[in-house]
Amino acid sequence: MRRYIFLIMCISLAVTSCDNDILNETPKDFLTPENSYTNKAGFDAALADVYKTIRDDFYADGVSWKGYDLFGVDIDLCGPRSSEDNWTEYFFWNTLNADNSTSEKWWNRFYGMIYQCNAIINRAQQPEAKWNSEADKDEVIGEAKFLRAFCYRFLANMWGNVPIVTEETTRPKFNYTNSKQEDVYKLCKEDLEYAIQYMPDIDNQIGGRASKVAAQHLLSEILICLNDYKGAIAQASAVINNPAMSLMTERFGVYKNFKFNGWDYRGPQQDWGDVYWDLFREGNFNRTDGNKECIWNVQFDPDIPGGGSQANEWTGWFSFERFFGTPWWRLKDKDGVSNWLKDTLSGRPIEQISITEYAANQIWKYKNDWNNDIRNSTYNIHRDYYWTNPSSRFYGQKMTKENLGDPSDYFRIQQPIFVKFVTAIHHGKYGTDASSGEKHDIGRIYKDWYIMRLAETYLLRAEAYLKAGDKDSAAKDINTIRARAHATPVTPDEVTLDLILDERARELFFEDFRLNTLMRMNKLSEYLMKYNPCVKKNGYKLDNHINKLPIPNREIEANSEGGLIQNDGYK
């Protein structure tokens with residue numbers, strides 16, 4: 001169902017306002033805004049619903065790769081692909097217009113979450129809300145303001161001049177106007193400064209909810225957008241220097257002693273993994289798991305009501321593993337013998353998304369670090385595929401063009417799989433004929449995922465240092481990340497925005513909201529023309545108006561009394 005700003009307000013009117021006192025009943029046996037927003041428990045439930053919306057919209061939007069379109073799909077990192085030379089368009093950058101469904105989808109989602117936050121902020125200050133202390137009230141408002149700033153950050157970066165809505169509107173409104181992008185950033189700054197003052201410290205916050213550290217991290221990015229580089233450095237430094245925070249540099253967690261017999265699944269088991277691999281293992285994402293690098297994560301808990309869909313359902317689970325990578329496991333050898341689906345560490349990709357040359361190869365060749373950078377190690381990127389069916393005469397051998405039944409499948413076994421997407425030991429809730437009876441998870445990963453991680457804070461501070469003219473300090477921050485990865489240090493004169501974007505791709509692949517980042521840096525059109533396979537193949541010449549998305553036409557048409565103005569270059 002489509003949602004628009006004014007329709008959200010209509011819904012609010014239906015449940016919060018009535019001119020006839022005779023109809024002002026006080027329900028006692030079901031929840032309404034009037035009897036929910038009355039104490040801290042009610043407000044915590046409302047905040048939990050915002051977090052659930054974030055989880056569902058960003059990470060569990062049905063069983064489709066399209067749910068991950070903010071992470072780099074059809075941008076520079078990956079895209080839909082059906083054959084060796086057939087990359088499919090998703091955004092249709094050359095003809096992008098104001099009827100684009102993706103732009104409309106995310107616009108509606110962000111304003112929907114903002115409405116949720118506004119309701120919490122406004123009702124927390126009403127006399128009907130009973131608080132045990134002012135501190136409880138301030139903490140709830142601070143957390144809601146953080147979440148509102150989180151949403152407005154996307155709107156400002158991706159659309160630019162957008163309406164600012166800070167009140168829980170209880171009547172339909174049809175005269176919204178654009179606010180300047182700078183004013184949207186200033187609202188984010190104001191909200192985050194309030195949040196930093198009142199949100200709990202990270203060790204006093206429960207998993208899955210944001211803390212003061214998350215607000216400082218986000219404020220650092222916002223201050224870069226406001227050209228306040230000194231302030232951005234100070235906020236990032238507050239996160240980096242927080243005694244509770246540190247990069248993980250040694251093996252840790254549930255799988256630090258994990259053993260595996262290699263991608264050919266033959267021979268003795270061997271020690272497997274490194275600290276980067278550990279960062280993405282189920283059971284390793286939270287502070288209670290010993291992870292001091294996680295700032296804020298989304299949580300999936302298959303055995304807890306509300307932790308995601310039930311195990312036998314298709315939707316509501318995080319399914320990176322399913323969509324990203326080649327279905328090497330279902331190819332046949334030249335004798336017609338099918339390969340096996342081996343469960344541990346293999347995943348079950350179905351090849352709906354392929355990694356671009358930029359993300360698969362180019363970024364790893366920098367400084368000849370292909371074999372040095374642990375983020376590109378065999379533990380973290382699966383590049384070589386083997387015949388794993390003992391019935392095949394090629395059992396244990398690498399899959400090649402010569403032993404494939406269909407040589408045109410060769411491009412599939414050249415595509416890497418980022419192992420961060422794959423569960424180390426699957427839950428084994430499913431089985432199909434293709435798996436020869438082995439149990440698997442149909443590509444679901446029953447693990448949490450990072451929304452903010454300390455490595456990104458270092459890269460934000462490096463960006464602020466660069467823009468402030470301090471390349472020495474920028475290089476030092478980048479090298480802190482590269483040192484953990486065993487990569488060659490960079491020199492100050494090598495530091496550019498492009499280097500930082502490359503490092504974000506290496507370190508934060510599908511953690512960073514890549515579309516948002518490229519638009520924030522005004523780099524989207526440039527990177528599409530340099531690295532997007534469809535754009536390059538078709539020779540599209542994209543001008544700078546692509547650095548902002550179109551405001552949905554439906555919003556402009558519904559805003560019948562006002563001056564909601566379309567972004568330049570769109571119809």
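Details
- Residue within the stretch 191-211 that is among the basic types (Lys, Arg) and without any contact (Cβ under 8 Å) to a residue 60 or more places away in the chain present: no
- Of all residues in the stretch 44-94, those being part of a helix (DSSP H, G or I) and among the β-branched types (Val, Ile, Thr) number 3.
- Within the stretch 510-559, considering residues that are without any contact (Cβ under 8 Å) to a residue 40 or more places away in the chain, assigned to a loop (DSSP other than H, G, I, E, B) and out of contact with any Gly (no Cβ under 8 Å at 6 or more places or on another chain), the one surrounded by the most Cβ atoms within 10 Å (Cβ to Cβ): MET521
- Enumeration of residues in the stretch 406-425 that are open to solvent by 60 Å² or more (accessible area, probe 1.4 Å) and among the hydrophobic types (A, V, I, L, M, F, W, C): ILE425
- Matching entry among TYR4, TYR111, TYR115, TYR68 (being surrounded by 14 or more Cβ atoms within 10 Å (Cβ to Cβ), modelled with pLDDT under 85 and hydroxyl-bearing (Ser, Thr, Tyr)): TYR4
- Filtered residues of the stretch 532-544 (kept if more than 15 Å from PHE91 (Cα to Cα) and under 27 Å from the mean Cα position of the chain (by Cα)): ASP543, ASN544
- Filter result (among the charged types (D, E, K, R), assigned to a helix (DSSP H, G or I) and surrounded by fewer than 24 Cβ atoms within 10 Å (Cβ to Cβ)) within the stretch 440-480: LYS467, LYS471, ASP472, LYS476
- So ASP470, is it closer than 22 Å to ASN242 by Cβ and without any contact (Cβ under 8 Å) to a residue 12 or more places away in the chain: yes
- Set LYS230, LYS212: member being under 30 Å from THR53 (Cβ atoms) and either at pLDDT 95 or above or open to solvent by 50 Å² or more (accessible area, probe 1.4 Å) (or both): LYS212
- Pick from the stretch 352-405, criterion touching a His at 6+ places or on another chain (Cβ under 7 Å) and either hydroxyl-bearing (Ser, Thr, Tyr) or in a loop (DSSP other than H, G, I, E, B) (or both), ranking: surrounded by the most Cβ atoms within 10 Å (Cβ to Cβ): ASP373
- Condition met for THR400 (polar (S, T, N, Q) and either within 21 Å of the chain's Cα centre (by Cα) or closer than 30 Å to LEU226 by Cα (or both)): no
- Qualifying residue in the stretch 167-180 (condition: part of a helix (DSSP H, G or I) and closer than 15 Å to ILE222 by Cβ): no
- Filter result for GLU193 (of a type in the set (Asp, Glu), open to solvent by 50 Å² or more (accessible area, probe 1.4 Å) and not in a helix (DSSP H, G or I)): no
The values are calculated or read from the model by the stated rules, or taken from the named source; none is laboratory data. The structure presented is a predicted model; accordingly, all values stated were derived computationally and were not measured. Note: ideal-geometry Cβ built from the backbone for every residue, glycine included; neighbour counts use all protein chains shown. Remember, those area values only see protein heavy atoms, side chains included, never the ligands or the DNA or RNA. Shrake-Rupley method; radii C 1.70, N 1.55, O 1.52, S 1.80 Å.
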